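To keep things clear, I will list the structure first and then write my remarks on it.
The values are calculated or read from the model by the stated rules, or taken from the named source; none is laboratory data. Because the structure is predicted, anything quoted here is derived from the model rather than measured. Backbone-built Cβ (ideal geometry, glycine too); neighbour counts: all protein chains shown.
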Amino acid sequence: MQESTCEFGFTGNDPTCNTDQRSFKAYFARFLGYTYQMAPFTADFIIPRLKATAIAAAASCNGGSSGTICGLSWIKSTYDGAPYGIAKGGVGEHMAVLEVLQNTLVPKSKPPVTANTGGTSVGDAAAGGTGADPNDQLQTDPSTTGDKAGAGVLTAVVLGLMLSLTYWLVKS
């Protein structure tokens, strides 16, 4: 797999992708796994590619001083030298490697169940409640002056706290 706008060597030494694009390989690997599960006849095409990609992806995780930072370019099967930090050598790269590795296990896992294959989920509109009619819990009487005063005081307190916090954050 390659995300050419993000990988060193394809666009010079300055990839042009944004932070989100660095995780696109992860989504692609995930959907390849789903495709295999929902359409097993795709196995001959998908599984060899996932396995080869997983080997190269795992080999790219030898960067940084810890030797565990993953790169995004898997062609050389070693860390690509992307600087670790904001938008480079971060979550997107690690997520992509983990998704590829995880999806090599798809042939050993069961596909999602449906109502026809063992799914038994039944909706329950009263879940989490007391089982009583939710309309019985609503206020039906008109609001009193005390209700309105209490709401005004609470609103003023919350607004004061928010303004104080905003001032503190801006001033710090």
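Could you say whether any residue in segment 33-43 is assigned by TED's automatic domain parsing to the domain that holds A96, closer than 17 Å to E3 by Cβ and more than 23 Å from the chain's Cα centre (by Cα)?
Taking segment 33-43 and keeping what is assigned by TED's automatic domain parsing to the domain that holds A96, we get 33-43.
After this cut, where a residue has to be closer than 17 Å to E3 by Cβ as well, the list is none.
Checked segment 33-43: no residue is assigned by TED's automatic domain parsing to the domain that holds A96, closer than 17 Å to E3 by Cβ and more than 23 Å from the chain's Cα centre (by Cα).
For the criterion of being more than 17 Å from S4 (Cα to Cα), in contact (Cβ under 8 Å) with a residue 24 or more places away in the chain and loosely packed, with under 14 Cβ neighbours inside 10 Å, V91 passes.
Within segment 58-70, track down each residue that is farther than 15 Å from E99 by Cβ and assigned to a loop (DSSP other than H, G, I, E, B).
Residues of segment 58-70 that are farther than 15 Å from E99 by Cβ, as a first pass: 59, 62-69.
Those that are farther than 15 Å from E99 by Cβ and assigned to a loop (DSSP other than H, G, I, E, B): N62, G64, S65, S66, G67, T68.
Quickly run through segment 89-140 and pick out the residues that are modelled with pLDDT of 80 or more and acidic (D, E). Once the filter is applied, which keeps residues that are modelled with pLDDT of 80 or more and acidic (D, E), segment 89-140 yields E93, E99. For segment 15-70, filtering for residues that are surrounded by fewer than 17 Cβ atoms within 10 Å (Cβ to Cβ), within 19 Å of H94 (Cβ to Cβ) and modelled with pLDDT under 90 leaves 10.
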